[in-house]
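This report refers to the structure that appears directly beneath it.
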Amino acid sequence: MPVTIEDLAARLAALEDKEAIRRLKSHYLRACDLKQVDQVRDCFLPTGVRIAYQNFPEFSDRDAFVAIFEQMACQGGVYDLHHATNWEIDLVGPDEAHGLWSLNFRTILTGPRQIVRLAVEYEDVYRRHAGRWWIAQSVSRVTSMVTEQIGEDGSVTVLALAEPPAA
């Protein structure tokens with residue numbers, strides 16, 4: 001069966017939408033690492049959002065989520081690294097997509113001298129609104145963790161290993 005110009009245009013549009021969503025997720029994670037509060041806020045749909053990260057309260061308002069992010073992550077001595085991989089994005093309509101991501105997260109907490117590493121799975125919903133893609137829903141669950149205590153002498157003690165925190 002021959003491929004039509006309409007078929008090619010639809011395939012190209014799908015590729016462009018998936019790329020825009022990948023960039024949005026990357027932008028969000030980088031903004032988290034760089035403590036760019038306004039950029040974090042701007043990744044989420046202005047209204048009707050759902051943010052449900054394991055071991056945090058559930059949020060239906062992006063400003064409430066950003067306030068907690070700012071309180072917890074934007075303090076001196078907190079250094080984060082979010083690396084998302086293994087993405088799967090499915091377009092479920094012209095203005096909605098579902099995404100799965102694996103996250104390798106690390107935070108260095110200089111005050112308590114701890115390093116926490118988490119493996120996290122994200123399930124996201126994206127919506128196109130006002131001409132661009134937004135995160136409309138983001139749900140995460142921790143699949144494994146390691147917490148290390150760094151002694152004054154540089155010694156490392158493992159405080160928790162391979163068990164996710166209680167839900």
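No value in this document is a laboratory result; all are computed from the given coordinates. No experiment lies behind these values; they were computed from the predicted model shown. Glycine also receives a Cβ, built like all others from the backbone with ideal geometry; neighbour counts cover every protein chain displayed.
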Return the total of residues in region 38-51 being buried (at least 16 other Cβ atoms within 10 Å of the Cβ) and not charged (D, E, K, R).
6
Filter result for GLU121 (among the acidic types (Asp, Glu) and part of a strand (DSSP E or B)):
yes
Can you tell me how many residues in region 79-96 are over 17 Å from the mean Cα position of the chain (by Cα), surrounded by 12 or more Cβ atoms within 10 Å (Cβ to Cβ) and not hydrophobic (A, V, I, L, M, F, W, C)?
2
Selection within region 24-72 - in contact (Cβ under 8 Å) with a residue 24 or more places away in the chain and small (Gly, Ala, Ser)
SER26, GLY48, ALA52
